[in-house]
Amino acid sequence: MAAPKKGRRSSGSQGNPGRALAVILIALVALTGTMFLSHNTTPRLGIDLAGGVSITLTAKSDQANAINKTNMNTAVSIINQRVNGLGVSEAEVQTQGDKNIIVNIPKGTDPKQAQEQVGQTAQLFFRQVLLEQANPPATKTPPAKPSPSVTPTGKATSTPTPSGKTTTPPQAKPSSSVTTQGRAVTDGLKAVPAKAPTPTPTPSAPAPAAGTLDSTIPADLQARFTAIDCNDPKQRSAANKGVKPENKVIGCGERGDGKDKIWYKYALGPAVLDGKDVSKASAKFDTQSGNGWVVDLSFTGGGAKKFTKVTTQLATQQAPLNQFAIDLDGNVVSAPSVSQALPGGSATIFGSFTQTSAQNLSNVLSYGSLPLSFQIQDVTTVSAALGGEQLRGGLIAGAVGLALVVLYMLAYYRGLGLVAIVSLLVSAALTYTLMALLGPAIGFALNLPAVCGAIVAIGITADSFIVFFERIRDELREGRSLQPAVARGWPRARRTILVSDFVSFLAAAVLFAVTVGKVQGFAFTLGLTTLLDVVVVFLFTKPLMTILARRPFFANGHKWSGLDPKGLGVQAPIRRVRRRTSTETKEA
């Protein structure tokens, strides 16, 4: 007997359908387990469903015609990046009238943190630190080391004397340092919200040539440094109100975490760089050097030259004169120090950062400069009552639609309808777990349009099953048995499903790219569920049908299987009648 010829496996065959089912089962178990272990068992809701905070900002400018449509749109874009820099939180930022910007922040984002990010609307400057001093409230004792930082080789402190001069231990290193790789230690200061009082600006001495540090301390600056109490919000916001970049200023910054936060006051030199010189900043967890959370920043071409020149000069100074303050409207969000020149236009700030403080600093560096100044006009709490009613109505409509789809699938496809329903349940489980995990991961918030996107996805997913089932039934009508019908029908169905899902995903991607706010929620959900449709059809529905095709209930075309030859209009095959031989005739 000749051995069967070895041939290439048909494009529609699947060697081990159980393996594909195991992959999607493991993925589903892993996602579900992660969801419960992280205690994120429900999706994060948007402001229209869960409520939140609405902040109204009013633009102000001393320049004529500065408040125009172009500057307002630029401010909206930057504030939107700031707020959503806390995560893809579905925050809404839009103009209202000629001078107002409305920022809607959904519940789940820290409203105080977001308000601080939004409220910091002044320009960002880098200034040399001339003096620094702890300014704790009367009930608190300042830490022993006002500028705690760690260098690779030791520790150092610096404390201003009553006369305003700074003393440094003879053998101590600067309060923090930067290595040859361009790393600067930060004292971990955090940004504080900017208020809007009306103090009288104090003139300062003319600044030296651009890019040159001026470390002199005028008498008026010394007097203001001594007099300011950074625990008073009014004094903090009044510290450098109305001063120009070339002026020397007084600033305040908060150091520490939780209840141990203490205000520090600073005397700062003229601005040597501004926020526009920063091209990019990002927070990351540094596992290689063990520094924990750090902030990487890079500068523009012109900014890199300024930064190199400034750090070259700072590296020759003693603490605190070797520090540069990142000053945002009088708030010192960080004051890293430099121990050597930093060429190359990039650096890494590291120190006692948490994830939140590192992300806050990177947001300030990335989105700090606005074309206009803004005052927080109003902060109100948004109720979710209306959104809750709309969500209830939307869910009822979705449930009715889903029930009709299920009834139709069962009535028309019978046993195959059960396969479609189980596939829909798997898709729904994957969608739910991913939405629950994406909330804390990237700040995704489920709003009403996003719910609509999920409902629309039911039809897209069901359509993929229908395409596959109809291809199988077409093969059966041509006289093939079920297993070859599944193998031959799959390649044709696969092409149609991929083309259809690609069009849906492309539409979702374009919509996400060109829109903002709630519409992005619809686009994101539609794109996510479209991708999951491909995963479910390839890794669950197709392997499951390959296995079921071997079962008599489906293979023999049971009338409730959805593959009944009579129901498909397939005629019974013609059987040949074998002619009897003469011997058989005699025996009969």
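Worth a mention:
- Counting neighbouring Cβ atoms within 10 Å and putting the fewest first, the residues Thr58, Thr380, Thr530 line up as Thr380, Thr58, Thr530.
- If you look at the Cα atoms of the range 516-572, you get an Rg and a Dmax of 18.6, 59 Å.
- Put a dot 7 Å past the Cα of Thr70, heading toward its Cβ, do the same for Leu31, and the two dots end up 4.6 nm apart.
- For the listed residue pairs Lys69/Lys99; Lys248/Lys280; Lys280/Lys309; Lys276/Lys305; Lys244/Lys306, the alpha carbons are over 21 angstrom apart in Lys248/Lys280.
- Local electrostatic count at Leu568 - Lys and Arg +1, Asp and Glu -1, tallied over other residues with Cβ under 10 Å: +1
- Per-residue extension of 0.36 nm, minus the Cα-Cα distance of Gln318 and Thr515, leaves a gain of 65.9 nm for this segment.
- Above-threshold pairs, the threshold being 27 Å between Cα atoms, out of Lys60/Lys261; Lys261/Lys518; Lys261/Lys284: Lys60/Lys261; Lys261/Lys518
FYI, it's all coordinate maths here, none of it is from the lab. These numbers come from a predicted model, not from an experiment. Ideal geometry is used to build each Cβ from the backbone, glycine not excepted, and the neighbour counts take in all protein chains shown.
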